[in-house]
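Participant: Below is a structure I'd like to ask you about.
The values are calculated or read from the model by the stated rules, or taken from the named source; none is laboratory data. In this text, all values refer to a predicted model and were calculated from it rather than measured experimentally. Ideal geometry is used to build each Cβ from the backbone, glycine not excepted, and the neighbour counts take in all protein chains shown. The protein model used for the area step is the full one, side chains on, heavy atoms only, and it has no ligands, DNA or RNA in it. Shrake-Rupley method; radii C 1.70, N 1.55, O 1.52, S 1.80 Å.
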Amino acid sequence: MKANKMVGTSQSLSDIQPTSLEDLLSPFAGNEAFYRRLIAIFEKNLTQQLLDIQQLAEQGKVSELLVLIHTLKGTAGTAGLTSLHLALYDWERKLTELDGTTDNTAEYANLGQHITQLAQAELAQIHALLATSTHVDPIASTENASEALSLTQLTAELNTLKQHLLEANLNAVDYCQAVQAKLAKDSPFAPDVIALCQSIDELDFEGALSQLAALLVKMK
């Protein structure tokens, strides 16, 4: 197999990867701040996932390996790693065809290494594109707050944020950061808002709604 070919496919990495920052962000409506958070979450979990894939492949645990391959395939696609997504799709299909009661270790002995190499190569290309950006991330701290929201104003802001969360609107990410930036650093609600924004940054909208409900009760 040639070095520039994807594992399990006949397509090359260069045939699939975006060639510009605009292409990379196109599936995300050009929202670079959101994409940077998304790729950071993906990479945070990737190291352990790759280690688990390697271990399960070496142990010949096809059923467990399939579950992890399927999960990583989904998150890779969501994070815009098209090459990795397609390679995992092909590996999932191949593993499904294997007889789990037979020693087929040779069929996928190098799976972990292949997936790791592909993931690293694709992430390197993505970061190279992100490095061409002049984007400045929204203020994510209350340290430089330029105004102090009143209780009424904060309640109104949080109710708007709640609506974004209920609609699963990705604008909730930037909106929460904006609220946090306007909140005085000595506000008794600052820790709650910071924790809320962290949950939203991780796209845990369900958990964020629970935190938000508790915060609104606390503010009454």
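Participant: Accessible area of Ser210, 1.4 Å probe, to the nearest 10 Å²?
Facilitator: It works out to around 80 Å².
Participant: Using 1/(1 + (r/R0)^6) with R0 = 41 angstrom and r between the beta carbons of Thr47 and Ser150, what's the FRET efficiency to the nearest 0.05? Walk me through the numbers before you get to the answer.
Facilitator: Details: r = 44 Å, r/R0 = 1.08.
After rounding to 0.05, the efficiency reads 0.40.
Participant: Could you give the length gained by full extension between Thr78 and Ile194, i.e. 0.36 nm per residue of separation minus their alpha carbon distance, to one decimal place? It would help to have the intermediate numbers written out before the result.
Facilitator: Numbers: separation 116, 0.36 × 116 = 41.76 nm, distance 2.56 nm.
The Thr78-Ile194 span can extend by a further 39.2 nm.
Participant: What distance in nm separates the simple spin-label points at Leu98 and Ala29, each placed 7 Å from Cα in the Cβ direction?
Facilitator: 4.1 nm
Participant: Beyond 24 Å between alpha-carbons counts as too far, so tell me which of Lys162/Lys220; Lys162/Lys182; Lys44/Lys218 fall in that bin.
Facilitator: Details: Lys162/Lys220 16 Å; Lys162/Lys182 17 Å; Lys44/Lys218 32 Å.
Long pairs (Cα-Cα over 24 Å): Lys44/Lys218.
Participant: Follow-up. When only the heavy atoms of the protein chains count and the probe is 1.4 Å, how do Lys61, Lys220 rank by accessible area, highest first? Before the final figure, lay out each step's value.
Facilitator: Numbers: Lys61 85, Lys220 195 Å².
Putting Lys61, Lys220 in descending order of accessible area: Lys220, Lys61.
Participant: How much length would be gained if the chain were fully extended between Glu64 and Gln120, taking 0.36 nm per residue of separation minus their Cα-Cα distance, in nm to one decimal? Numbers along the way, then the final one.
Facilitator: Numbers: separation 56, 0.36 × 56 = 20.16 nm, distance 2.30 nm.
Value of the extension gain: 17.9 nm.
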